[in-house]
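The values are calculated or read from the model by the stated rules, or taken from the named source; none is laboratory data. Treat the numbers as computed from the prediction; the structure is a model and nothing was measured. Cβ: placed from backbone, ideal geometry, glycine included. Neighbour counts: every protein chain shown.
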Amino acid sequence: MSKIPRIKNIYFYPLTVIFLFFSVAACSSDNTMGEGMKKTECATMTEVREWLGKKLSQAVEKLGSSSIEKTFDMNDVVIDEFRGKLEVLFPLSSRGNEPKWIKETSWNQGDCILTLWFEKQGDNWIVVDTLRWHKDSEF
């Protein structure tokens, strides 16, 4: 089996630094970095850790009525890129035949959508995963 030689590009790292510098500068109009960041806060998909462990009632109290809500059994749903982390949290090998109920709830927030996944724990729905994403994102 032949080895493919690696070509080291001496320009790659300096160009990366320059690109990152100008990317940050583009977000900071009028030298106010915070304002630029607010406009692009959901340009990339991010986890919103402050919601982990919260109850559904707390989310509704703070965020209002959800725009989309689905409840499903992890054993009966196709795990795609959007729900990928649920497979890590609840691997098939540990689920067995018992239903693992998940409530997927989303709120519109301007150009962003906040999705919270809740697990049924006793009488409560508790947040186990989150994702903030741009409304035009494709999964």
- Residues (more than 25 Å from SER137 (Cα to Cα) and touching a Phe, Trp or Tyr at 6+ places or on another chain (Cβ under 6 Å)) located in segment 109-124: LYS120
- Message: Can you tell me how many residues within segment 68-81 are surrounded by 14 or more Cβ atoms within 10 Å (Cβ to Cβ), more than 15 Å from ILE126 (Cα to Cα) and at pLDDT 85 or above?
- Response: 1
- Could you say which residue among LYS103, LYS62 is farther than 13 Å from LEU131 by Cβ, surrounded by 10 or more Cβ atoms within 10 Å (Cβ to Cβ), in contact (Cβ under 8 Å) with a residue 24 or more places away in the chain and of a type in the set (Lys, Arg)? LYS103
- Message: If I ask for residues that are surrounded by 13 or more Cβ atoms within 10 Å (Cβ to Cβ) and either of a type outside the set (S, T, N, Q) or within 21 Å of ASN124 (Cβ to Cβ) (or both), which ones from segment 45-59 would you list?
- Response: MET45, VAL48, TRP51, LEU52, LYS54, LYS55, LEU56, GLN58, ALA59
- Item | Every residue from segment 73-124 that is farther than 24 Å from VAL60 by Cβ and under 19 Å from the mean Cα position of the chain (by Cα) | VAL78, ILE79, ASP80, GLU81, GLY84, GLU87, VAL88, PRO91
